[in-house]
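**Q** To start, I am sharing the structure in question, which I have written as structure tokens.
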Amino acid sequence: MSSFLWWQRGIVYQIYPRSFMDSNGDGTGDLVGILSRLNYLEWLGVEAIWISPIFPSPMADFGYDVSDYTDVHPLFGTRDDLDRLVEAAHARNIRVLLDYVPNHTSDQHPWFVESRRSRADPRRDWYLWHAGRENGSPPNNWLSVFGGSAWEWDAPTREFYYHAYLKEQPDLNWRNPEVRAAMLDVLRFWFERGIDGFRIDALRQVFKDVELRDNLPNPGWTPSQPPYESLLPVHSTDQPELLELVAEFRDLADAYPERVLIGELWLPIERLVAYYGVGGRGLHLPFNFHLILSAWNPREIAALIHTYEAALPAGAWPNWVLGNHDRQRVASRVGAPQARVAAMLLLTLRGTPTLYQGDEIGMQDVPIPPEAVQDPVEWRLPGLGRGRDPERTPMQWDDSPNAGFSQVRPWLPLAADYQSVNVAAQKSDTRSMLSLYRRLIELRRASPALSVGSYHQLYVDDTTLVFERDAGDQRRVVALNLSADERALPDAVGSLPVILSTHLDRAAEPATVLRPHEGVLLDSR
């Protein structure tokens with residue numbers, strides 16, 4: 001295992017800082033709050049924490065509209081707080097990753113304020129401005145991910161500017177060398193302060209077609225889907241120049257020891273793997289979200305694993321994600337009983353797993369009443385269920401008022417079940433979801449087969465997936481029942497002793513059957 005780097009061996013834990021831990025009683029999580037819970041993260045066994053944006057921002061999109069890339073929003077604390085957090089995390093052998101938002105800034109960032117002053121301003125070309133068509137309409141048919149046209153009319157300068165997301169998030173012009181230099185300096189700034197890597201936000205959006213050609217209609221779109229999906233973004237995303245930029249990101253990261261770059265890329269597998277780059281000059285981990293998108297049945301999951309493994313370039317390291325701050329929680333998506341099976345799948349597949357805060361205690365989406373909605377997506381796309389508040393509710397630490405998250409009412413409502421679904425209750429329950437996650441992480445860290453070994457599918461049918469992980473002379477078999485019925489194990493593995501069951505109630509005995517909603521880890525020597 002010594003030849004593998006920390007980001008290959010370990011687990012990345014995503015922290016949504018507004019909802020992790022409030023230290024100062026304002027109802028919103030902060031950096032000191034994260035610092036106060038590092039002992040828990042060390043106990044859990046994660047190798048790194050990725051913290052969603054903490055930079056100064058007007059918070060039109062909760063920090064993804066950055067107004068200063070090299071400071072910390074007072075809501076979350078100070079740069080000194082971040083330095084102390086990094087130092088304390090490193091003392092526990094936990095790395096710290098930040099979000100990097102290269103596609104757009106806030107409309108209140110000084111760069112855009114200057115760019116908006118006049119067409120002659122030196123920073124005008126730092127963003128994407130265009131006069132529009134002769135009839136006064138926008139330059140093309142490109143749509144905002146958050147609804148409506150992606151072009152916003154600016155009356156004082158009589159031009160449109162482009163925004164892939166909210167109008168408060170104007171897109172940068174990465175073809176401008178000054179923009180490129182300034183944004184590379186952002187990475188350099190944080191690397192110099194000891195940050196161990198970045199998750200790069202909205203990466204596929206960074207370059208756009210230089211001719212601004214219209215996007216093509218999506219023949220499979222239906223009105224039940226978001227309007228953005230009515231067009232295929234062939235000219236507004238995933239442009240060829242992006243791979244050249246990623247190579248620059250990698251060259252910069254490689255100048256610092258053991259740094260990691262993770263890219264948010266909602267792309268088909270054949271395009272996703274291109275972002276590993278050529279000759280080691282790509283992302284270390286282009287985020288693989290396909291488990292989030294896959295139907296929850298063994299055949300589709302097995303096919304996904306096979307397709308992904310086959311598409312990986314030589315030397316590329318895989319990764320898997322089951323949940324994040326933008327998507328329905330896994331326990332809500334597959335159901336509470338199957339969430340245990342999902343945990344075993346995530347933590348036994350080949351590659352780096354990313355775990356979203358709260359999934360380790362089985363948190364589910366929380367219904368948000370209209371008067372408590374915070375997410376602008378819910379306001380802009382009503383009725384489509386695309387609001388992200390339900391999966392962003394506060395971490396449930398104990399059964400005290402406000403779930404131990406804050407001394408006051410939190411910024412989003414708590415789950416109704418927080419008095420039983422919380423860290424304190426589950427730490428003392430040897431058969432809880434948290435106990436399962438901790439045991440799986442412990443076994444993964446101790447086993448070369450599980451942490452860095454190869455993957456081989458052994459069996460799949462309509463209810464059951466069985467695969468093997470091996471490294472040297474160590475072999476482990478994983479058998480997962482994705483159904484509510486009892487299933488017999490294939491003869492070839494049915495006599496192997498159980499190391500761990502997702503039910504946490506048997507070990508050492510041979511497993512001939514899988515009970516409903518059960519996964520088992522087996523010792524095949």
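**Q** So, of the residues in the stretch 341-377 that are under 25 Å from Leu291 (Cβ atoms) and acidic (Asp, Glu), which turns out to be nearest to the chain's Cα centre (by Cα)?
**A** Asp359
**Q** Quick check on the stretch 145-202: of everything there that is within 22 Å of the chain's Cα centre (by Cα), among the β-branched types (Val, Ile, Thr) and assigned to a loop (DSSP other than H, G, I, E, B), which residue is farthest from Tyr127 (Cα to Cα)?
**A** Ile195
**Q** Give the residue, chosen from Asp196, Asp185, Asp201, Asp209, that is surrounded by 15 or more Cβ atoms within 10 Å (Cβ to Cβ), out of contact with any strand residue (DSSP E or B) (no Cβ under 6 Å at 6 or more places or on another chain) and among the acidic types (Asp, Glu). Lay out the reasoning, then the answer.
**A** Working: Asp196 fails: out of contact with any strand residue (DSSP E or B) (no Cβ under 6 Å at 6 or more places or on another chain); Asp185 fails: surrounded by 15 or more Cβ atoms within 10 Å (Cβ to Cβ); Asp201 fails: out of contact with any strand residue (DSSP E or B) (no Cβ under 6 Å at 6 or more places or on another chain).
None of the other options fit; the residue is Asp209.
**Q** Just wondering, is there one or more residues in the stretch 153-168 that are more than 25 Å from Arg119 (Cα to Cα) and modelled with pLDDT of 95 or more?
**A** To start, the set of residues in the stretch 153-168 that are more than 25 Å from Arg119 (Cα to Cα) comprises none.
No, the conditions are met nowhere in the stretch 153-168.
**Q** Quick one: would you say Gln426 is within 30 Å of Thr393 (Cα to Cα), touching a helix residue (DSSP H, G or I) at 6+ places or on another chain (Cβ under 9 Å) and surrounded by fewer than 16 Cβ atoms within 10 Å (Cβ to Cβ)?
**A** Values: within 30 Å of Thr393 (Cα to Cα): yes; touching a helix residue (DSSP H, G or I) at 6+ places or on another chain (Cβ under 9 Å): yes; surrounded by fewer than 16 Cβ atoms within 10 Å (Cβ to Cβ): no.
The answer is no for Gln426.
**Q** Taking Leu166 as the residue in question, decide whether it is surrounded by fewer than 20 Cβ atoms within 10 Å (Cβ to Cβ) and closer than 23 Å to Ile51 by Cβ. It would help to see each step written out before you state the result.
**A** Numbers: surrounded by fewer than 20 Cβ atoms within 10 Å (Cβ to Cβ): no; closer than 23 Å to Ile51 by Cβ: yes.
Against the criterion (surrounded by fewer than 20 Cβ atoms within 10 Å (Cβ to Cβ) and closer than 23 Å to Ile51 by Cβ), Leu166 does not qualify.
**Q** While we're on this one: State which residue is surrounded by the most Cβ atoms within 10 Å (Cβ to Cβ) when the search covers only the stretch 100-114 and only residues that are of a type in the set (A, V, I, L, M, F, W, C) and over 13 Å from Ile51 (Cα atoms).
**A** Start the filter on the stretch 100-114 by keeping residues that are of a type in the set (A, V, I, L, M, F, W, C), which leaves 101, 111-113.
With over 13 Å from Ile51 (Cα atoms) added as a condition, the list becomes 111-113.
Numbers: Trp111: 19, Phe112: 22, Val113: 15.
My answer is Phe112.
**Q** Okay, next question. If you check Arg281, Arg333, which single one turns out to be of a type in the set (D, E, K, R), within 18 Å of the chain's Cα centre (by Cα) and closer than 25 Å to Ile51 by Cα? Explain how you work it out, then say what you get.
**A** On the way: Arg281 fails: within 18 Å of the chain's Cα centre (by Cα).
Just one listed residue meets the conditions, Arg333.
**Q** A further question follows. Asp83 versus (1) in contact with a Ser or Thr (Cβ under 8 Å, 6 or more places away or on another chain); (2) surrounded by fewer than 22 Cβ atoms within 10 Å (Cβ to Cβ); (3) touching a residue at least 60 places away in the same chain (Cβ under 8 Å): which is the lone unmet condition?
**A** (1)
**Q** A further question follows. Any chance the stretch 481-488 includes a residue that's within 20 Å of Ile305 (Cβ to Cβ) and not in a strand (DSSP E or B)?
**A** Of all residues in the stretch 481-488, those within 20 Å of Ile305 (Cβ to Cβ) come to 481-483, 487.
Of the ones still in play, those that are also not in a strand (DSSP E or B) are 482-483.
Yes, some residue in the stretch 481-488 is within 20 Å of Ile305 (Cβ to Cβ) and not in a strand (DSSP E or B).
Residue by residue, here is whether (1) touching a helix residue (DSSP H, G or I) at 6+ places or on another chain (Cβ under 8 Å); (2) within 29 Å of Ser52 (Cβ to Cβ); (3) not acidic (Asp, Glu) holds:
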{"residue": "Pro156", "(1), (2), (3)": "no, no, yes"}
{"residue": "Arg175", "(1), (2), (3)": "yes, yes, yes"}
{"residue": "Gly197", "(1), (2), (3)": "yes, yes, yes"}
{"residue": "Phe207", "(1), (2), (3)": "yes, yes, yes"}
{"residue": "Leu212", "(1), (2), (3)": "no, no, yes"}
{"residue": "Pro233", "(1), (2), (3)": "no, yes, yes"}
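One line per residue, one yes/no per condition, for (1) surrounded by 19 or more Cβ atoms within 10 Å (Cβ to Cβ); (2) assigned by TED's automatic domain parsing to the domain that holds Asp209:
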site: Arg79; (1), (2): no, yes
site: Ala89; (1), (2): yes, yes
site: Arg92; (1), (2): no, yes
site: Leu98; (1), (2): yes, yes
site: Arg116; (1), (2): yes, no
site: His130; (1), (2): no, no
site: Pro138; (1), (2): no, no
site: Glu152; (1), (2): no, no
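**Q** Tell me, yes or no, whether the stretch 453-463 has at least one residue that is at pLDDT 95 or above, under 26 Å from the mean Cα position of the chain (by Cα), closer than 27 Å to Tyr40 by Cβ and surrounded by 15 or more Cβ atoms within 10 Å (Cβ to Cβ).
**A** So far as the stretch 453-463 goes, no, none of its residues is at pLDDT 95 or above, under 26 Å from the mean Cα position of the chain (by Cα), closer than 27 Å to Tyr40 by Cβ and surrounded by 15 or more Cβ atoms within 10 Å (Cβ to Cβ).
**Q** For the stretch 234-250, name all the residues that are of a type in the set (Asp, Glu) and loosely packed, with under 15 Cβ neighbours inside 10 Å. Give the steps one after another, and end with the answer.
**A** Residues of the stretch 234-250 of a type in the set (Asp, Glu): 238, 241, 244, 248.
Correct list: Glu241, Glu244, Glu248.
**Q** Anything in the stretch 417-462 that is of a type in the set (Lys, Arg) and touching a strand residue (DSSP E or B) at 6+ places or on another chain (Cβ under 7 Å)? List them, or say none.
**A** Arg439
**Q** Against the definition (buried (at least 19 other Cβ atoms within 10 Å of the Cβ), small (Gly, Ala, Ser) and more than 30 Å from Gly362 (Cα to Cα)), how does Ala253 come out, yes or no?
**A** On the way: buried (at least 19 other Cβ atoms within 10 Å of the Cβ): yes; small (Gly, Ala, Ser): yes; more than 30 Å from Gly362 (Cα to Cα): yes.
Yes: the conditions hold for Ala253.
The values are calculated or read from the model by the stated rules, or taken from the named source; none is laboratory data. The structure presented is a predicted model; accordingly, all values stated were derived computationally and were not measured. All Cβ positions, even for glycine, are placed from backbone atoms using ideal geometry, and neighbour counts span all protein chains on display.
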